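Everything below concerns the one structure shown next.
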Amino acid sequence: MDQKHLSSTGRVAATTGGVLLAFNALIPVHAQSSVSLYGIVDGGVISARSGAPGGKTQTAVVSGLNSASRWGLRGTEDLGDGFSAFFVLEAGFDLDSGSSKAYAGNPSTATPTAPNGSSSTGFNRRAVVGINSRWGSLSLGRDYTPTFHALNSSDVFVLGLFGNLQAATNLTGTSERWARASNAAFYVSPDLSGLKIRAMYSLGSEGGTGSGNLPRDANRMIAVGAEYKVGNLQVLSSYQELTYPLVAGSPLAFTGGTARRKDATLGARYRIGTVELGAGYFNVGSPVNGSDAWLGATWDIGFGALRAQVQRLSQDNPAGGRDRRGYVLGLGYVYTLSKRSSVYATYGHVSNNDKASFTLYSNDVAVTAGAMGARPSAIGLGMRHAF
C-alpha cells in the first residue's frame with residue numbers, strides 16, 4: 001500500500017513497500033567526489049664519512065635520498081559555483097626498515113628540552129582539509145609553510161640529493177616551522193598574472209598559562225610568501241615571525257617569557273635552453289643569527305639531468321670569536337626511466353671551519369659532522385618510484 005511522508009524540505013515523497021523514492025529535486029546534484037592513494041618509494045645505498053679524525057666509512061641502505069618515501073590519501077568534491085572541498089593526509093616512512101616516520105610536530109606537548117613537542121608517528125608530512133574557490137584556497141591543519149615553498153622552488157635539487165637547501169636546518173635546528181607548521185590556517189591565492197601569494201598563521205602550542213607551563217603565545221607563527229613567474233624567470237620570497245618560549249635554570253624550565261625570531265628568503269630560478277640556474281639567500285634571526293647563500297645549475301642531457309650547487313653557511317658563534325662557517329658542495333645526476341621511475345647518483349661535502357660542525361643533508365638522510373671543524377661527505381646511488 002502506498003504511503004506519503006513529509007520530507008524535511010516540506011515536500012511530499014512517495015514510498016512503496018517502506019522504501020523511500022527520493023526525488024532528485026530535493027538534493028543538489030554536483031560532480032562525484034574522488035579519493036586517491038598516492039606516494040613515493042625511494043631507496044638507495046650510501047657510503048658516508050663524518051669527517052672526524054680516524055673516522056671510518058659507513059655503508060648503509062637508506063630511505064629518501066632524492067625524495068622522502070611517503071604514502072598519502074587525497075580527495076576532492078565539487079561543490080558547485082566554482083567551489084570544491086579537499087583534504088590531504090600524508091605520512092612518511094623509512095623504506096629500509098618499513099617503519100613509520102617519527103616526528104615532533106605537536107608543539108602543544110612542548111617541554112623545555114623538547115620545544116617542538118614529544119615525538120610521535122602519524123600523518124607527519126601533511127594533514128589538511130580546506131576549500132578551493134576562484135579567490136584561492138583556504139585550509140586548516142598541518143602543511144608546508146611559505147618559506148618551504150620559496151626554498152623548494154629556488155633549489156635546483158628541489159630539496160633532494162646531497163647538497164640541497166635543507167642545509168638551512170643547520171641554522172634553524174629543526175625543520176619544524178620552516179618546512180611545516182601545525183595547528184595552522186593556510187591561504188594560497190589564485191594565479192594573478194604570474195603572481196601567487198601564500199600566507200599562514202599558526203596558533204602554536206595552544207597552551208594555557210601558569211607556573212612552569214608554556215606561555216599562551218608560545219610557538220605562534222605568521223608567514224607570507226610570494227612567487228612571480230614571467231617567461232623563463234621565477235622569483236620567490238618569504239617572511240616569517242616565530243614566537244618561541246624562553247627557558248632557564250637547571251634543570252631547564254619555562255620562564256613564562258617569549259622572544260621572536262624573524263626569517264626571510266629571497267630566491268630565483270632562470271632557464272636558458274637546457275640549462276636552469278638557481279640562486280638565493282635565506283636569513284635566520286635570533287637567538288642565533290645565521291644565513292645560507294647558494295648558487296646552483298641544472299643541465300638537461302637527453303633523459304637525464306646533471307645538477308650542481310654550492311652554499312655558504314654562516315652563523316653567529318654564541319661563545320664569541322669567529323663566526324661558524326661552512327661551504328656545502330652538492331653534485332647529482334638523475335636519469336628518467338619512465339614517467340614514474342628514475343635512478344640517480346649523488347655526492348655531497350661540507351667544509352666546516354674550526355668553529356662549525358654543520359651537517360650534510362639529502363632529502364631524508366643526514367650525515368653529521370664527527371667533530372668541530374670536521375668535513376662530512378657522502379656518495380650514494382638510488383632509485384625513486386612514484387605511484
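The values are calculated or read from the model by the stated rules, or taken from the named source; none is laboratory data. The model shown is predicted, which means the values in this text are computed figures rather than measured ones. Reconstructed Cβ throughout: ideal geometry from the backbone, glycine too, with neighbour counts over all protein chains shown. Ligands, DNA and RNA are stripped out before the accessible areas are found, and what is left, the full protein with its side chains, is counted by its heavy atoms. Shrake-Rupley method; radii C 1.70, N 1.55, O 1.52, S 1.80 Å.
When the helices in the chain are scored as -39500 (n - 2.57) per DSSP H run of 4 or longer and the sum is shared across all residues, what 222 nm value do you end up with, to the nearest 500 deg cm²/dmol?
-1000 deg cm²/dmol
Can you tally the net charge around Ser286? Count Lys and Arg as +1, Asp and Glu as -1, for every other residue whose Cβ sits under 10 Å from the Cβ of Ser286.
Local net charge: +2.
Could you order peptides 149-157, 285-293 by the average number of other Cβ atoms within 10 Å of their residues, highest first?
149-157, 285-293
With the chain treated as a Gaussian network of Cα nodes joined by springs under 10 Å, which of Phe254, Phe148, Phe282 yields the largest mean-square fluctuation?
Phe254
Which pairs break 28 Å Cα to Cα here: Lys101/Lys196; Lys262/Lys355; Lys229/Lys262; Lys229/Lys339; Lys56/Lys355?
Lys101/Lys196
Rounded to the nearest 20 Debye, what is the dipole magnitude of the stretch 245-333 about its Cα centre when Lys and Arg each give +1 and Asp and Glu each give -1 at the C-beta?
Using only the charged Cβ atoms, the result is roughly 140 debye.
Normalised by the number of residues in the chain, what is the relative contact order in percent for Cα pairs under 8 Å and 6+ residues apart?
It comes to 15 percent, rounded to a whole number.
I want the local charge near Lys229. Using Cβ-Cβ distances under 12 Å, sum +1 for each Lys or Arg and -1 for each Asp or Glu among the other residues.
+1
Over the chain, with every protein chain in place, what whole percent of the accessible area is carbon and sulfur at 1.4 Å, could you tell me?
58 percent
Over the stretch 52-119, calculate the relative contact order: mean separation of alpha carbon pairs under 8 Å at least 6 apart, over the residue count, as a percent.
Here the relative contact order equals 22 percent.
By accessible area of protein heavy atoms, probe 1.4 Å, what ranking do Lys339, Lys229, Lys56 get, highest first?
If we order Lys339, Lys229, Lys56 from most to least accessible, we get Lys339, Lys56, Lys229.
Give me the net charge for the shell around Tyr144: Cβ to Cβ below 10 angstrom, other residues only, Lys and Arg +1, Asp and Glu -1.
Local charge sum for Tyr144: +4.
Taking a probe of 1.4 angstrom, what is the accessible area of Glu206 in Å², to the nearest 10?
110 Å²
From Cα pairs below 8 angstrom and at least 6 apart in sequence, can you work out the relative contact order of the stretch 77-190, rounded to a whole percent?
25 percent
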